[in-house]
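Worksheet: one structure, shown below.
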Amino acid sequence: MTAASRPSGYVPLLMRLDRGGMVLLSVLAAAAIAVPALNLLMPPDSPFHVPTYLVSLWGKYLCFALLAVSVDLVWGYCGILSLGHGAFFALGGYAMGMHLMRQIGDRGVYGDPILPDFMVFLDWDQLPWYWHGFDSFAFAALMVLLVPGTLAFVFGWLAFRSRVTGVYFSIISQAMTYALLLAFFRNDMGFGGNNGLTDFKDILGFDLQADGTRAALFVASAIALAGGYLICRLMVTSKFGRVLMAIRDGESRTRFLGYRVEMYKLLVWTVSAMMAGVAGALYVPQVGIINPGEFSPANSIEIIVWVAVGGRGTLYGAALGGVLVNYGKTYFTGAAPEIWLFLLGGLFIAVTLLLPKGIVGTLSQWWQGRRGFGLRKRARPAVPASEGGAAE
Amino acid sequence: MPIRVNRALVLAFALALVLGVLAAPSRSLAQEAEFAELVATLATGDFAEKTAAIAALTATGDPRVQPMLEAMADRRLYLREEDGLVAIGEDDAEGLRLIDVLTGEEAGIVGSRDVDRIRANNRMRGIIRSALGTMTLMNPDAAVRLEAAETVFRSQDEGALDALEQALAAEADDAVRAAMEKARAAILLGSEDAVLRLEAVEALSSFTDPDIRSMLAALLVQDQDGTFAETDEAVRAAATEALDAIEQRLALWRTAGHIYQGISLGSVLLLAAIGLAITFGVMGVINMAHGEMVMLGAYTTFVVQQLFRDYMPGLFDFSLFVAIPAAFLVAGAAGVAIERGIIRFLYGRPLETLLATWGLSLILQQLVRTVFGPTNREVGAPSWMQGAIETTAGITLTYNRLYIILFCLIVFAGLIMVLRRTPLGLQMRAVTQNRQMAKAMGIRTGRVDALTFGLGSGIAGMAGVALSQIDNVSPNLGQSYIIDSFLVVVFGGVGNLWGTLAGAFSLGIANKLLEPYAGAVLGKILVLVAIILFIQKRPRGLFALKGRAVEA
């Protein structure tokens, strides 16, 4: 079902892009230049001025888009439906939050040079061991990748090795994020209990409230999304990616052909978790808080919806879905909070029943129909007709 | 209490008494005379005589003694000057209303100058109080005696020892006897004689009671210069031994209590998961809106109870019997509608069903929030579900939990019967095993699917009735159970109702056994981690269905 005429071997990165990917990268590049410019250079009363809150808001959407891309990588291309990806996102966010907490220094309410406020409040006299090192940005950045990566590696190794698939995998990944939710709510864990980490002051010496920092974070999010997209694209267009899709469409058959299915799954799962961690790390300084609510199973399910709405198995569709659904959420929770859940719920049902390929899939089908059958067969991995993994 | 006294007897004695209603003589002549004399002594004697009279009155066990002594301790007992009548006085607008202690009848209203208050100093009042405590030990009502024994146990009043021993000799009721022995041992523990103390410790060691544990532990306390509260070494050794024994039994009781709580939690989990076991296990549909079916059931209970409150408040105790079928029908109908409207288009695509039903659950939650408001709704408990069974070791078994365990087992048995013995159950199993073949045999598979889904949802609704008795009825009710329910089904083994049963109870008990050691939250986390690890070992759950398929 995928393109037959793809050259194997080395292919330049740009040639691996499909049209949607090119659009995505161009839009990101344009936004990364235009938004900070319009925010910083235009005078505040100019009609072209982009207010800072919008910069942060759209930066947040880009983080969600990256998260959606990471989910699409495992769900769309390998058939692993994770109901716990929010956990990786939150862990990355906590790692960044811990660094930002340490950066506060003695500017906290209690003025302790080392301990964050909540620890002073709990009467702790020294930093727990796992907080050491987070005063260094490099260490924190490493942890943003390593903590979600390690958790995903261990969890995935256990699950894939014993061939926990489909629905079973979904449910234990949900149990994982649920367990973390409960754990992070505990004050004794040393992560601020249900208040989480907040009151951040600056990052790398730059004031977090400053317009320039906000714009820089926006650009960083755009770059991260572009980079994440390219990594995923690289993976799914390589030989490795084709094995992934084979696993998605027929796991046992792939195994019988001699591929070590669990290794493929483990690698893609871990990479995806790390990407989610990066998304979380960029998300935290832009919204200024991270709390255990991010671990809630409902959040993880919502990510799945972004991907489903945008179009599963396309990567750029997932990014589009992440931005669109969240834009809708911001709009409707402001304009009509009581109908937001009706809309979101209705969206779930409508997309699964009416648009099984998501917005992107449906649009491109319609586009191809207009162009005439067979005129332009784009090499694009299609959504499988039968859902991967758990079916049959 | 009206006290009937033969008028003739009253007249026969020098004490002039107001006439009572003629009644059959209930006591012997001599006893009554003695009693009257004691009352007179109480009023007029000196301190020693009064003390003796109190003791003697107490020993009679006469029901008139208690109110009289109580009145005396409260300085409400009076002697009428003109005729020497002893009476309890009650303040009245016109003066003092007198009530004769012997007959219990009103003896007119007098001014405060016509009567003398019978004096009782502090010491006397102390004597009266302990006398009152002991005299109830002889009360004909076993419950009163038990209460009295407990009172003595708590006060450890040495003065009560004689009365206690007397009562013990006459006691026939085992429970009361045990309580009395406990009280006696507690008193003896404070005695001067080491032999008696030793005996007391030995007697106490056979009781399982947190109070006794602390009492014995107090003996072993060392003060600053190292002397023990208990000076005798043999007694200390016995106390240590007794403490160990009590501690062990208490631990056993606590474990039993935890297991009971675990079973109770397990039954709640089972109720929530059993409907899921049908829709998920039998049909392969992941119904994320299952929790909302539970919620619908709980709100149905609320509505039914409101109707009862408005129209038939007298029959409120029966409201649950109406609520159970109503909840089944409401949730079941919702289930059928969901199956026909959404799920039937998504068979064979479990992950998409998950998304669609999750969306549905959001809509249902918001719907209920819009209709009933976001706050908790008050669902009442019928009177027969209130109260609890108390055990000696301080463990309480509440009735509502007991009924829920019972209800859950009945529902489970009923479901098994439906699946095994009814045509619908047969068709369900046929469709589950081989849809095409079932269709070829003339089974209307679409209809069976809808009914199966309705059955699972209906059971979830009934679970909602039970949960409304122990949990807050709010739009989020279902959410809090859905994850646990899925884990129960997956842990027990999909498609196997007995597995669900085993899964629910083992998770419930494991949770409650871990709780005292790890705390509620950490215990739950440990259980979750254990399940995740368990699934690695047995990817198809505790009781996996055997089959030839490589991939389930």
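What follows draws every value from the coordinates through simple rules; no lab data is involved. The shown structure was predicted, so the numbers you read here are calculated from the model rather than taken from an experiment. Reconstructed Cβ throughout: ideal geometry from the backbone, glycine too, with neighbour counts over all protein chains shown.
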Discussion item. Averaging the inverse of every distinct alpha carbon separation and then flipping it gives the Kirkwood radius. What is it for chain B, in angstrom units?
Written reply: 29.4 Å
Worksheet entry | Helix A:85-104 axis, angle to chain A major axis (alpha carbon atoms, nearest 10°) | 30 degrees
Worksheet item: How much FRET efficiency would the formula 1/(1 + (r/R0)^6) give for B:TYR399 and A:LEU142, where r is the Cβ-Cβ distance and R0 is 56 Å, rounded to 0.05?
Response: 0.45
Practice prompt. Only helices at least 24 Å long along their axis, Cα-based, and averaging -0.5 or more on Kyte-Doolittle count here, so list those DSSP H runs from chain B.
Written response: B:233-276, B:290-311, B:319-341, B:350-372, B:399-421, B:445-467, B:497-518, B:520-537
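Could you work out the relative contact order of region B:226-366? I mean the mean sequence separation of Cα pairs under 8 Å and 6+ apart, divided by the number of residues, in percent. Don't jump to the answer; show the numbers that get you there.
Working: 76 pairs, mean separation 37.7, N = 141.
Computed over region B:226-366, the figure is 27 percent.
Using Cβ counts within 10 Å as a stand-in for footprinting exposure, how do A:HIS99, A:HIS132, B:HIS290 rank, fewest first? Provide the component values of the computation, followed by the final result.
On the way: A:HIS99 27, A:HIS132 11, B:HIS290 32.
Exposure proxy ranking, most exposed first: A:HIS132, A:HIS99, B:HIS290.
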Worksheet, complete the sentence: Amide H neighbours of B:GLU105 at under 5 Å, excluding residues fewer than 5 places away on the same chain, with H built from the backbone geometry, are B:ASP100
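At R0 = 51 Å, how high is the FRET efficiency between B:GLU247 and A:LEU267 if r is their beta carbon distance? Nearest 0.05 is fine. Let's see the in-between values first.
Working: r = 55 Å, r/R0 = 1.07.
Approximately 0.40, to the nearest 0.05.
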Practice prompt. Just need the Rg to Rh number for region B:334-375, please, alpha carbons only, Kirkwood Rh.
Written response: 1.09
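Can you give me the relative contact order of chain B as a percent, contacts being Cα pairs under 8 Å and 6 or more apart?
On the way: 825 pairs, mean separation 77.9, N = 552.
Over chain B, the number comes to 14 percent.
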Discussion item. I'd like the orientation of helix A:358-371 relative to chain A: the angle between its Cα long axis and the longest Cα principal axis, in ° from 0 to 90, rounded to 10.
Written reply: 40 degrees
Discussion item. As I understand it, the dipole of region A:28-120 uses +1 on the Cβ of Lys and Arg and -1 on the Cβ of Asp and Glu, about the Cα centre. Which of A:ALA29, A:LEU81, A:GLY105 lies farthest toward its positive end?
Written reply: A:LEU81
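Dipole of chain B, Cα-centred, from +1 at each Lys and Arg C-beta and -1 at each Asp and Glu C-beta, to the nearest 20 debye? Could the numbers behind the result be given before it?
Numbers: 46 positive and 57 negative charges, 1036 e Å.
Dipole of chain B, to the nearest 20 debye: 4980 debye.
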Discussion item. Among A:VAL236, A:ALA246, A:ALA279, whose Cα projects farthest towards the positive end of the dipole of region A:191-286, with charges put on the beta-carbon of Lys, Arg (+1) and Asp, Glu (-1)?
Written reply: A:ALA246
Practice prompt. Let me know the charge dipole size of chain A about its Cα centre in debye, to the nearest 20, where only the beta-carbon of Lys, Arg (+1) and Asp, Glu (-1) is charged.
Written response: 2420 debye
Item to complete: Return the calculated 222 nm mean residue ellipticity for chain B, to the nearest 500 deg cm²/dmol, obtained by summing -39500 (n - 2.57) across DSSP H runs with n ≥ 4 and dividing by the residue count.
Response: -21000 deg cm²/dmol
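Rounded to a whole number, what is D in µm²/s for region B:243-330 from Stokes-Einstein with the Kirkwood radius over alpha-carbon pairs (20 °C, 1.002 mPa s)?
Details: Rh = 16.1 Å.
Result for D is 133 µm²/s.
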Worksheet entry | Neighbour-count ranking [beta-carbon atoms within 10 angstrom, fewest first] of A:LEU73, B:LEU57 | B:LEU57, A:LEU73
Practice prompt. For each of B:VAL115, A:VAL236, count neighbouring Cβ atoms within 10 Å of the residue's Cβ, then give the residues from fewest to most.
Written response: B:VAL115, A:VAL236
Worksheet item: Long-range amide H contacts for A:ASP202: which residues qualify at under 5 Å (H placed 1.01 Å from N, peptide plane, sequence gap of 5 or more or a different chain)?
Response: A:LEU208
Worksheet item: Over chain A, what is the mean sequence separation of C-alpha contacts under 8 Å (at least six apart), divided by residue count, expressed as relative contact order in percent?
Response: 32 percent
Item to complete: Normalise the Debye intensity by I(0) for the protein assembly as shown, one equal point scatterer per Cα, no solvent, then take log10 at q = 0.05, 0.07, 0.10 Å⁻¹ and round to two decimals.
Response: -0.47, -0.76, -1.15
Worksheet entry | Lys/Arg +1, Asp/Glu -1 at C-beta; region B:59-118 dipole; positive extreme among B:LEU102, B:SER112, B:GLN66 | B:GLN66
Discussion item. Counting only pairs 8 or more residues apart or on different chains, how many lysine pairs in the protein assembly as shown have their Cα atoms under 22 Å apart?
Written reply: 10
Fill in: Size of electric dipole in the protein assembly as shown: Cβ of Lys, Arg +1 and of Asp, Glu -1, about Cα centre, debye, nearest 20
8760 debye
Item to complete: Please report the Cα spread of chain A along all three principal axes, rounded to whole Å, starting with the longest.
Response: 68, 57, 47
Discussion item. Starting from a Cα-only point model with no solvent, please compute log10 I(q)/I(0) by Debye for region B:467-506 at q = 0.14, 0.19, 0.29, 0.34 1/Å.
Written reply: -0.37, -0.60, -0.86, -0.99
Worksheet item: By how many degrees, 0 to 90 and rounded to 10, does the Cα axis of helix A:297-310 deviate from the longest principal axis of chain A?
Response: 40 degrees
